[in-house]
Amino acid sequence: MTTTSQPTTDAQADLLHLSIERFYARQMQLLDNGSTDEWAATFTADGTFSAAFVQGRPAIAKAAARAHAARVDRGVQHRHWMGMLVPDPLTDGSVRAECYAVVYEISAGGQPTPHSSTLCQDVLVRAEGGSWTVASRQVTKDGSPAAGVPGAPLHAGS
């Protein structure tokens, strides 16, 4: 069992938090802009993505491209906003990261409207070169039956 290993200083915790926020900003912009192959490359080769029930970069890229094409056909754009990030470093060097993701949908000439609100639970690992990659992503849409299932909190005080 992998255990949590807290950073030893506030500065280390802040740097970890900032590096993951930067990763999410880049990753979500790739997805929202339709760069689905590049977005899939932010997952490990055998990464899993629960929202599409897929595993592995090729399957993740294909599912993302299909979803993006469907949005283009409907004439809408999605914008993901990730926040309330709580990263928990693990002793093996990976990080469990929990955050909220709100997806806005914008139609041509329209106003942004909330499309979905979710809980995103990732296990992040460092890739060669030091960038983050997603080993697993569990997305639970607020209001879904799974959202009411109690689970182990990722951080103290939950």
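Taken together, the values in this text are just the output of simple stated rules run on the coordinates, not laboratory data. Quick caveat, the model's predicted, so the values are computed rather than measured. Cβ coordinates were reconstructed from backbone atoms using ideal geometry, including for glycine residues, and neighbour counts include every protein chain displayed.
Quick rundown of the values:
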read-out: Selected residue [surrounded by 16 or more Cβ atoms within 10 Å (Cβ to Cβ) and aliphatic (A, V, I, L, M)] from ALA13, ALA40; value: ALA40
read-out: Residue among TYR104, TYR100 that alone is surrounded by 13 or more Cβ atoms within 10 Å (Cβ to Cβ) and within 30 Å of THR3 (Cα to Cα); value: TYR100
read-out: Residue satisfying all of: in the range 43-54; touching a helix residue (DSSP H, G or I) at 6+ places or on another chain (Cβ under 7 Å) and farther than 11 Å from ALA135 by Cβ; surrounded by the most Cβ atoms within 10 Å (Cβ to Cβ) among these; value: VAL54
read-out: Conditions (1) surrounded by 15 or more Cβ atoms within 10 Å (Cβ to Cβ); (2) closer than 18 Å to ARG22 by Cα: number failed by ARG57; value: (2)
read-out: Single match in GLU105, GLU128 (criterion: charged (D, E, K, R) and under 19 Å from ARG26 (Cβ atoms)); value: GLU128
